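> Structure below; questions to follow.
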Amino acid sequence: MHDNIRNILVVDDEENIREFLKEFLEEHNFNVTLAEDGQKALELIEEKLPGIMIVDLLLPGEHGISLIKTVKEKYFIPTIIISSIYERDEVEDFMEEYFVEAFLEKPLNLDLLMEKLNSIINARTV
């Protein structure tokens with residue numbers, strides 16, 4: 001059992017989305033760390049390796065795709081992409097190449113988010 005699987009890093013430049021996800025995920029017994037951009041996310045990953053990442057693609061500075069590439073080259077961290085700008089078919093090839101577990105459009109469907117998180121957790125704990 002991976003102890004850190006319930007530690008989630010949420011990377012989104014919109015504070016209201018970060019705070020909303022933190023509150024929602026904590027209600028579902030996840031430990032949540034927040035980052036507003038890729039640089040901060042990388043620092044936090046070094047400090048405390050999260051079990052799962054939820055990453056918005058349009059970030060200030062480093063793009064979400066670039067962040068995910070950097071992380072995935074070093075760590076195996078299941079990742080869920082969230083975006084209001086991109087559609088899944090635009091990032092499909094990237095997702096396959098970098099083993100991104102899920103793509104969710106904003107506004108987020110929270111039931112679907114929980115479904116994806118549970119499926120990642122179940123896959124890791126078998």
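> Is it the case that the range 77-93 has a residue that's of a type in the set (S, T, N, Q), farther than 19 Å from Ile120 by Cα and part of a helix (DSSP H, G or I)?
The answer is no; no qualifying residue exists.
> From the list Pro50, Pro60, which one is outside any strand (DSSP E or B), surrounded by 20 or more Cβ atoms within 10 Å (Cβ to Cβ) and of a type outside the set (A, V, I, L, M, F, W, C)? Give the steps one after another, and end with the answer.
Details: Pro60 fails: surrounded by 20 or more Cβ atoms within 10 Å (Cβ to Cβ).
Being outside any strand (DSSP E or B), surrounded by 20 or more Cβ atoms within 10 Å (Cβ to Cβ) and of a type outside the set (A, V, I, L, M, F, W, C) holds for just one of Pro50, Pro60, which is Pro50.
> So which of Leu117, Leu44 ends up being at pLDDT 95 or above, surrounded by fewer than 18 Cβ atoms within 10 Å (Cβ to Cβ), of a type in the set (A, V, I, L, M) and part of a helix (DSSP H, G or I)? Don't jump to the end; show me each part of the working.
Details: Leu117 fails: surrounded by fewer than 18 Cβ atoms within 10 Å (Cβ to Cβ).
After ruling out the rest, the residue left standing is Leu44.
The values are calculated or read from the model by the stated rules, or taken from the named source; none is laboratory data. This structure is a prediction, so every number in the text was calculated from the model and none was measured. Virtual Cβ from ideal backbone geometry, glycine too; neighbours counted across all protein chains shown.
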